[in-house]
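The values are calculated or read from the model by the stated rules, or taken from the named source; none is laboratory data. Here the structure is a predicted model, which is why all the values come from computation and not from measurement. With ideal geometry, Cβ positions are generated from the backbone for all residues, glycine too; neighbour counts draw on all protein chains shown.
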Amino acid sequence: MLRALAAIWLIWGLNWVVMKSANTYFPPILFVAWRFGSGALILLAVAYWRKIPLPDAKFLPWIILTGLFQLTLNNVTAQVGMQSISAGMAAVLNYTAPLWTAILAHFALNERLTRIKLFGVLLAIVGLYVLMGLQGVEDLTSAFIIISGAVCMACSNIIVKLRLTKCDMVQLTTWQMVFGAAALIIYVTLFPQGDINWCLPAVLCVLYNGALASALAFFLWNYVLSHIEASTASIATLVAPVVGVLGGVAILGEPFTAYIVLGIVLIFAGILIVVKARG
């Protein structure tokens with residue numbers, strides 16, 4: 001379990017920089033279509049190789065719904081929001097998903113949202129805000145768009161826990177991505193998004209997002225979500241932006257500030273509180 005979480009933290013943590021870079025070469029929704037389209041093709045190849053059958057009919061409506069919520073809407077809103085808001089603040093707003101997951105899980109999954117657990121979630125989110133350098137919100141409309149995507153992610157988490165834990169994880173992730181990508185492809189076909197500036201960095205953005213940030217990371221996420229509390233799994237994703245910031249320091253030479261240290265301390269304190277308070 002810890003290895004799966006560590007891989008998610010590394011892949012998604014570094015992906016915020018990749019997604020911001022992708023806006024240089026792609027219209028945002030078109031990039032998300034390429035991301036999940038390529039991820040879906042990879043997973044279909046894996047499912048074919050492993051001879052994994054189509055999902056049972058009882059799972060199919062929920063797979064479609066979670067594909068639209070978790071993949072299409074959550075990522076489109078983040079990509080669109082980053083056109084007029086900093087990558088750091090976009091990360092903060094998108095990673096409010098643990099808060100919405102904890103609230104929904106309290107009512108839908110009987111995962112009690114105690115005061116101490118709520119305090120832990122909010123502390124971790126405040127820590128993320130500090131980690132990103134206390135950046136302001138440049139555009140309230142974009143902020144609302146990104147938060148709505150985080151709520152969609154939370155709804156998907158609840159549906160997976162309620163309806164899809166007995167589904168094969170490769171099968172689940174594959175068809176989530178197929179339906180999510182199909183919705184995006186239909187949309188960008190009906191409503192042209194503009195031109196792509198194809199170059200090596202653009203290709204690398206698609207490869208990273210298709211193979212790692214989509215096919216692999218979402219498979220691992222479904223696996224983690226099916227085995228532990230939804231609120232605990234969701235709050236654990238807040239390690240990903242910590243990895244992203246530290247990666248920027250180590251790889252890009254970005255400054256290592258007191259905000260980073262304090263933010264990391266608050267995030268891990270919040271996660272520890274939630275883990276200790278679960279149930």
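Structure above, values below:
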{"item": "Residue that is under 30 Å from Ile260 (Cβ atoms), assigned to a helix (DSSP H, G or I) and at pLDDT below 95, where the choices are Val170, Val126", "result": "Val126"}
{"item": "Segment 189-203, residues that are within 14 Å of Ser38 (Cα to Cα) and either free of Cβ contacts under 8 Å to residues at least 12 places away in the same chain or touching a strand residue (DSSP E or B) at 6+ places or on another chain (Cβ under 7 Å) (or both)", "result": "Val203"}
{"item": "Within segment 181-230, considering residues that are among the aromatic types (Phe, Trp, Tyr) and under 21 Å from Met1 (Cβ atoms), the one surrounded by the fewest Cβ atoms within 10 Å (Cβ to Cβ)", "result": "Tyr223"}
{"item": "Segment 163-200: number of residues that are of a type in the set (S, T, N, Q) and in contact with a Ser or Thr (Cβ under 6 Å, 6 or more places away or on another chain)", "result": "2"}
{"item": "Criterion (touching a residue at least 60 places away in the same chain (Cβ under 8 Å) and touching a Lys or Arg at 6+ places or on another chain (Cβ under 9 Å)) met by exactly one of Ala22, Ala7, Ala47", "result": "Ala22"}
{"item": "Options Thr77, Thr72; residue that is in contact with a Ser or Thr (Cβ under 7 Å, 6 or more places away or on another chain), of a type outside the set (A, V, I, L, M, F, W, C) and either modelled with pLDDT under 95 or on the phi > 0 side of the Ramachandran plot (or both)", "result": "Thr77"}
{"item": "Helices (runs of 4 or more DSSP H) wholly inside segment 1-115 that include at least 1 residues being of a type in the set (Ser, Thr, Tyr) and surrounded by fewer than 24 Cβ atoms within 10 Å (Cβ to Cβ)", "result": "2-22, 28-49"}
{"item": "Selection within segment 1-56 - among the polar types (S, T, N, Q), modelled with pLDDT under 90 and closer than 16 Å to Phe218 by Cβ", "result": "Asn15"}
{"item": "Residue among Val224, Val239, Val206 that is farther than 13 Å from Ile8 by Cα and touching a residue at least 40 places away in the same chain (Cβ under 8 Å)", "result": "Val206"}
{"item": "Search result, residues across segment 231-270 that are within 17 Å of Ala7 (Cβ to Cβ), among the aliphatic types (A, V, I, L, M) and either in a helix (DSSP H, G or I) or more than 22 Å from the chain's Cα centre (by Cα) (or both)", "result": "Ala233, Ala236, Val239, Ala240, Val242, Val243, Leu246"}
{"item": "Residues of segment 33-57 that turn out to be out of contact with any Gly (no Cβ under 9 Å at 6 or more places or on another chain) and of a type outside the set (Lys, Arg), as a count", "result": "14"}
{"item": "Number of positions in segment 107-130 that are in contact (Cβ under 8 Å) with a residue 12 or more places away in the chain and under 22 Å from Ile159 (Cα atoms)", "result": "9"}
{"item": "Within segment 107-160, tally of residues that are aromatic (Phe, Trp, Tyr) and over 15 Å from Tyr95 (Cα atoms)", "result": "2"}
{"item": "Residue count, segment 242-279 (criterion: on the phi > 0 side of the Ramachandran plot and touching a residue at least 60 places away in the same chain (Cβ under 8 Å))", "result": "1"}
{"item": "Number of the exception - Asp168 against (1) of a type outside the set (Gly, Ala, Ser); (2) surrounded by fewer than 22 Cβ atoms within 10 Å (Cβ to Cβ); (3) closer than 20 Å to Gly210 by Cβ", "result": "(3)"}
{"item": "Where Pro192 falls short, out of the listed (1) in a loop (DSSP other than H, G, I, E, B); (2) at pLDDT 95 or above", "result": "(2)"}
